[in-house]
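Taking it in order: structure first as structure tokens, then the write-up.
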There are 2 protein chains.
Amino acid sequence: MASKKLKLIPLGGLGEIGKNMMAVEYGDNILIIDTGVMFPENDMLGIDYIIPDFEYLLDKKDKVRGIIITHGHEDHTGAIRHVLDEINAPIYATRLTRGLLEVKLKRGGKPKNVTLNTVRAGDEVQVGPFGVEFFHVCHSIPDAVGLGITTPAGLIVHSGDYKFDHTPVDGWPTDFGKLAEFGTRGVLALLADSTNADEPGWTPSEAVIDPAFDKVFQQAEGRILIASFASLISRMQQVANTAARYGRVMSFVGASMIENAKMARKLGYLNVPDELIVPLDHALNMKASKVVLMCTGTQGEPSSILGRLSIGKNRRFGLHSKDTIVLSSHPIPGNEEMISRTINRLYQGGADVIYDPIAPVHVSGHAKQEEMKLLIQLVRPEHLIPIHGELRHLKQHAALAGELGLPQENIAVIENGTIVEFQNGKMKVGDRIPGGYVFVDGSGVGDVGPDVMREREALGRDGFVLVHIAFDCKSGKMQGRPQLITKGFVFVQDAEELMTEARNHIEKLISEDKRGDIESKIQKHLENFFYTATKRRPMVFVFTSDVN
Amino acid sequence: MASKKLKLIPLGGLGEIGKNMMAVEYGDNILIIDTGVMFPENDMLGIDYIIPDFEYLLDKKDKVRGIIITHGHEDHTGAIRHVLDEINAPIYATRLTRGLLEVKLKRGGKPKNVTLNTVRAGDEVQVGPFGVEFFHVCHSIPDAVGLGITTPAGLIVHSGDYKFDHTPVDGWPTDFGKLAEFGTRGVLALLADSTNADEPGWTPSEAVIDPAFDKVFQQAEGRILIASFASLISRMQQVANTAARYGRVMSFVGASMIENAKMARKLGYLNVPDELIVPLDHALNMKASKVVLMCTGTQGEPSSILGRLSIGKNRRFGLHSKDTIVLSSHPIPGNEEMISRTINRLYQGGADVIYDPIAPVHVSGHAKQEEMKLLIQLVRPEHLIPIHGELRHLKQHAALAGELGLPQENIAVIENGTIVEFQNGKMKVGDRIPGGYVFVDGSGVGDVGPDVMREREALGRDGFVLVHIAFDCKSGKMQGRPQLITKGFVFVQDAEELMTEARNHIEKLISEDKRGDIESKIQKHLENFFYTATKRRPMVFVFTSDVN
């Protein structure tokens, strides 16, 4: 009997491949790895976030044996509720990741019947036919893991998001030994993080941030505000350590910061003595030079603490001219402009702002080229599937592996939806399943598609003009004058003349033509008229009423 | 008699300070430096470009003695026509800059009565009371200059956009001697480019691009497409040199590339033998390995050659799987996302794509920190006004100058519109003039203001719902059912139920209330209804007709 196929399927549509969700399928058994969200691009107007399209799994729900979450970042956890709404399978996560999932699931009422299993790096769990070994990796969040998955077709190693940090904040380096042991055992395929594949060298250790913080604390005369991601528990630890050294107390600002810090302290991932932490109200009444505030807003989001501070709209406290603000973060691609604007506004408000490259107050959580080469040398896989990166990063990762001697036919550079199959030790790039990504807008999941997006784009670019004409249904004559409503096109006070002219055009067309398909005639005529007059293309809608 | 004040005024609103336009004012005399445009940010929907607000000059038109253009980039030349429409003053520019201005002014009919004066680096020109000495600087375009302006109040040195390149493509380094000579003469104030003020070190020479190009040409099997800015004449030269070495011919693609190359060859700034250049049609019929195409599209603009190629919509030729595409450029801030998307699509199309950081196929045209320090040491100014950068860059530039011993009170970190005054050798930061920037959208200049932008933002985010209700003017009764039109809000086929429910709400409100201010009641009610149902906030418009 021929052996069954092992299928690896990255789900999602655009952006990074295999990042937010993957399926591992063998016969009647499916394992899901991660359930994350994507952030909308600048031209995805009005979209809150994007979830992977997992339509493929919907008629195979009962085959899903488990859901593994590799670490607690949004792009790996954010779609968990959407997945659990459809698929009932046990979740496996490390303690901190589980803690972050629970905080997330509690909001809006925890779904029933969720089985959350806690695993530790080093554990092995049997999930259907898959023997999953969890191993520790360093990343910009503690308790992150990679996976060794023993399948009937062979051993698959999944790096998760990783870097090789010899001096991480929690003292727990990536598990070199386990990776080498996999290599000795024989690895059918390595799925590896490609985020920084176009960056040469080795990502600096998180330890380089400590001296940078030291310098900031030495020089700051007033308050220090450190902005970071609410999930960056190790950064909280570094801030706490520095605050203790310089005799400042620390306060967390914002719900997600407060909740995550509380949970991380409870679970022992954040070691801060009680006396070092004070509530915000307390901190605001202390001497400025004795305080550090930790908040969100590193991406320049207008609704974040930093965003509101920058435009003078923060509720509980304002910006002081002696404030030192540290952006301990990297820009998520697409946010560069918003971040620059926020930094400039904070400077306008009189604050001093410290950000990379001014000082190394942040390092990447992902491996660079030399680390990627090391991973391949340790694991010595027969096949490589670059994941966690845009197509360009995957291509670079493949080129790097080529330099190491891996034949290009043993490397699969794929896109989301492409199925990679393994049978009898051979790799084959299979079909691409239909589907892509699903927009979440308000409470709507998937109802905003390309048509609505095109309308938003057109409306956002040039606005609209709406024309209403009433006809007497007996005489067929126009009643009154055409009504025009316009928004987002021209400033109406300035455009009286333009609208009067448009009205004259409409009346002329009607007088020449009577009815027929007068609506589309008027629409086309006005589109041309407005374009000639303004070189803009507002959407034009014409509707008529028959009255009397 | 007290001496008059010398005023320096950077014009514009947001973004980089003093970049696009500056005024130098002494008594009844004004000198304009540069007339450039800004590019819209991602959330400035529908805006084509932005020009500085020069309202300040409009009642002083007859005092403007001259307009100096430091180099031929859009952000220094792009608003020339708008300025000439209002202000009639002679222009001074170097040969290449003049050539680029003429290409620009020819489009849409050259304005009458323009006086274009050609200057050379080393020339000194008297413009009213201002003695202007032009000196050569290296930048990412040839024939760029900085200015030494002898005013009755003292000598002002303006760096223009510059870097210190010891091995520029045209063999003409920045004029160290002149800068040192200014320093010996005594400089009241230095206005210096701050673009890269947060980047340590020294910007690499343009010469580093040659070996990178060599590697690309060695390895490419098919066509090579090099994308760059149409004004980057020195890059054209480097491509031509490499093409000649590797036995390829070169073709310029796109109107701006063709026109600029032609002009630059005519003026002697681009030295390429005739036989090396072939028309596109010719190139497309040659063996792929014998051809280099030079085109635009480095910013991922959908309408550019590269943008169209990436989505398979280029008219005259398509993408080949053996194409090698080089992005010889840097991302203009805010374009990162569009560029990544274009690169990924080109990879999807089977091409190989080379971009920084994969290979050093581009270098910055602006000085980094060590060069900025050198400039200050050469010029030894009494005062420093950092310009050409966002506020955060100016702050860094000021900090660097502080490290060199310049007292902070001798440094003016200002924003656009802030007047810096000099009198009796003393610097004073004066008032800020009102105004900011002017949006250009289609043929409209300045008619799109904050109100229209807010409408576009709202329409782009959540679309709109328009309600029309006809009332019988005699009975006051509603005629027929309310008509609803919606765009950009929900996919209408999916939302039949929502619209029916909305219609029921409207009818209920009308039956309860009769007329009165029913329109605003319905509007508020529907806004709440739609938000509750969808968590979105479409614009809601209600209008009524009285019929019969």
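The values are calculated or read from the model by the stated rules, or taken from the named source; none is laboratory data. What you are looking at is a predicted structure, and each value in this text was computed from that prediction instead of being measured. Note that each Cβ is placed from the backbone with ideal geometry, even for glycine, and that neighbours are counted across all protein chains shown. Heads up: the accessible areas ignore ligands, DNA and RNA and are worked out on the full protein's heavy atoms, side chains in. Shrake-Rupley method; radii C 1.70, N 1.55, O 1.52, S 1.80 Å.
Using only protein heavy atoms and a 1.4 Å probe, report how much of A:TRP172 is accessible, in Å² to the nearest 10.
Counting only protein heavy atoms, the figure is 100 Å².
Starting at the first residue of region A:18-23, write each ³J(HN,Hα) from the Karplus equation 6.51 cos²θ - 1.76 cosθ + 1.60 with θ = phi - 60°, in whole Hz, x for Gly and Pro.
3J(HN,Hα) across region A:18-23, in whole Hz: x, 7, 7, 6, 9, 10.
How much accessible area does B:VAL438 have with a 1.4 Å probe, in Å² rounded to the nearest 10?
Surface open to solvent at B:VAL438 totals about 30 Å².
What dipole magnitude, in Debye to the nearest 20, does the protein assembly as shown give about its Cα centre under +1 on Lys/Arg Cβ and -1 on Asp/Glu Cβ?
Roughly 760 debye, rounded to the nearest 20.
Take the alpha carbon atoms of region A:28-109, find their radius of gyration, then divide it by 2.2 N^0.38 Å using N residues; give the quotient.
1.13
Can you tell me the equivalent ellipsoid semi-axes for chain A? Use √(5λ) from the Cα gyration tensor, largest first, whole Å.
Those come to 48, 35, 21 Å.
Does region A:58-145 come out rounded, prolate or oblate by the C-alpha gyration tensor, with a ≥ b ≥ c the root eigenvalues, rounded set by a/c under 1.5 and, if not, prolate when a/b is larger than b/c and oblate if not?
Since a/c reaches 1.5 but b/c is at least a/b, the shape of region A:58-145 is classed as oblate.
D for region B:139-232, whole µm²/s, Stokes-Einstein with Kirkwood Rh over alpha-carbon pairs at 20 °C and 1.002 mPa s: what number?
Taking Rh from Cα pairs, D becomes 133 µm²/s.
Over the alpha carbons of the protein assembly as shown, what is the largest minus smallest coordinate on each principal axis, giving the biggest first in Å?
95, 83, 75
Amide H to amide H under 5 Å from B:SER443: which residues, 5+ apart in sequence or cross-chain, H placed 1.01 Å off N in plane?
A:LYS535, A:ARG536
Given the C-alpha centroids of region A:147-215 and region B:168-247, what is the distance between them in whole angstrom?
Cα centres, region A:147-215 to region B:168-247: 38 Å.
Can you tell me the Rg and Dmax of region A:234-363, counting just the alpha carbons, in angstroms?
When restricted to Cα atoms, region A:234-363 yields Rg and Dmax of 14.4, 41 Å.
Among the trypsin sites (Lys or Arg not before Pro) within region B:205-311, which fall in a DSSP loop and have no more than 10 other Cβ atoms within 10 Å of their own Cβ?
Passing sites in region B:205-311 are B:LYS287.
Calculate the FRET efficiency for B:ILE311 and B:VAL492 from the Cβ-Cβ distance with a Förster distance of 35 Å, rounded to the nearest 0.05.
0.80
Running Debye on region A:227-280 with equal point scatterers at the Cα sites and no solvent, what base-10 log of I(q)/I(0) appears at q = 0.21, 0.28 Å⁻¹?
-0.71, -1.31
How far, in nm to one decimal, is B:LYS477 from itself in the other copies if the label point is set 7 angstrom along Cα toward Cβ? Shortest first, please.
2.5
Between B:GLN377 and A:TRP172, what FRET efficiency follows from the Cβ-Cβ distance if R0 is 45 Å, with the result rounded to 0.05?
With R0 = 45 Å, the Cβ-Cβ based efficiency is 0.40.
Within region A:159-248, list the GluC sites (Glu not before Pro) lying in a DSSP loop whose Cβ has at most 11 other Cβ atoms in a 10 Å radius.
A:GLU221
Defining a contact as two alpha carbons under 8 Å apart and six or more residues distant in sequence, what relative contact order in percent does region B:503-545 show?
Averaging sequence separation for qualifying contacts and normalising by length gives 34 percent for region B:503-545.
Taking the DSSP beta bridges in chain B as the whole, what percent of them are antiparallel, to the nearest 5?
Percentage antiparallel, nearest 5: 50.
Consider all pairwise Cα distances in region B:396-548 and report the whole-number % of them above 24 Å.
Considering region B:396-548, 58 percent of its Cα-Cα pairs are separated by more than 24 Å.
Measuring from a point 7 Å out along Cα→Cβ, what nm distances, shortest first, does A:PRO200 have to its partners in the other copies?
Ordered by distance, the counterparts are at 1.8 nm.
Sort region A:1-64 into rounded, prolate or oblate with this rule: let a ≥ b ≥ c be the square roots of the eigenvalues of the Cα gyration tensor; rounded if a/c is under 1.5, and if a/c is not under 1.5, prolate when a/b is larger than b/c, oblate otherwise.
prolate
At 10 °C and 1.306 mPa s, what whole-number value in µm²/s does Stokes-Einstein give for the translational diffusion of region B:404-476, with Rh from the Kirkwood sum over Cα pairs?
88
Given a Förster distance of 56 Å, report the FRET efficiency between B:GLU527 and B:ASN88 from their Cβ-Cβ distance, rounded to the nearest 0.05.
Calculated transfer efficiency: 0.60.
With a cut-off of 8 Å between alpha carbons and a minimum separation of six or more residues, what is the relative contact order of region A:118-191 in percent?
26
Once a ≥ b ≥ c are taken as the square roots of the eigenvalues of the Cα gyration tensor of region B:351-456, is the result rounded (a/c under 1.5), prolate (a/b larger than b/c) or oblate (a/b not larger than b/c)?
Since a/c reaches 1.5 but b/c is at least a/b, the shape of region B:351-456 is classed as oblate.
Please work out how much accessible surface A:LYS322 shows to a 1.4 Å probe, ignoring ligands, DNA and RNA, in Å² rounded to 10.
For A:LYS322, solvent-accessible area is about 120 Å².
Filter B:LYS19/B:LYS428; B:LYS487/B:LYS508; B:LYS215/B:LYS322; A:LYS5/A:LYS428 down to the pairs with a C-alpha to C-alpha distance above 18 Å, please.
Pairs exceeding 18 Å: B:LYS19/B:LYS428; B:LYS487/B:LYS508.
Using 0.36 nm times the number of residues separating A:GLN126 and A:HIS505, minus their current alpha carbon distance, what extension gain do you get?
Value of the extension gain: 129.0 nm.
log10 I(q)/I(0), Debye, Cα-only region B:45-91, no solvent, q = 0.25 Å⁻¹?
Per q value, in the given order, log10 I(q)/I(0) is -1.04.
Please work out how much length the chain gains when fully extended from A:ASP546 to A:CYS473, using 0.36 nm per residue of separation minus the C-alpha to C-alpha distance, in nm with one decimal.
25.8 nm
Could you calculate the contour length gain from B:LEU404 to B:LYS215, that is, 0.36 nm times the residue separation minus the distance between their Cα atoms, to one decimal place in nm?
In short, 64.0 nm is gained.
Accessible area per residue of region B:117-234 at 1.4 Å probe, in Å²?
On a per-residue basis, region B:117-234 sits at 31 Å².
So, in Å, what gap is there between the alpha-carbon centers of region A:1-70 and region B:450-524?
40
Of A:THR296, B:THR298, A:THR532, which has the most accessible area and how do the rest follow, probe 1.4 Å?
A:THR532, A:THR296, B:THR298
So the label point sits 7 Å from Cα along the Cα-to-Cβ vector; using that for B:LYS61, what distances do you get to the other copies, in nanometres, sorted shortest first?
7.3
I'd like the antiparallel share, as a percent to the nearest 5, of DSSP beta bridges with both residues in the protein assembly as shown.
Taking every DSSP beta bridge within the protein assembly as shown, about 50 percent pair in antiparallel fashion.
Taking K and R as +1 and D and E as -1, what net charge do the other residues with C-beta under 15 Å from the C-beta of B:GLU275 add up to?
Neighbour charge sum, excluding B:GLU275 itself: +3.
At a temperature of 10 °C and a viscosity of 1.306 mPa s, determine how fast region B:141-181 diffuses translationally according to Stokes-Einstein, using the Kirkwood radius over alpha-carbon pairs as Rh; express D in µm²/s, rounded to the nearest whole number.
Using the Kirkwood radius from Cα pairs, D works out to 138 µm²/s.
Under the definition of Cα pairs under 8 Å and six or more residues apart, what whole-number percent is the relative contact order of region A:8-75?
32
So what's region B:479-529 giving for Rg/Rh, alpha carbon basis, Kirkwood Rh from the mean inverse pair distance?
Across region B:479-529, the Cα-based Rg/Rh ratio is 0.98.
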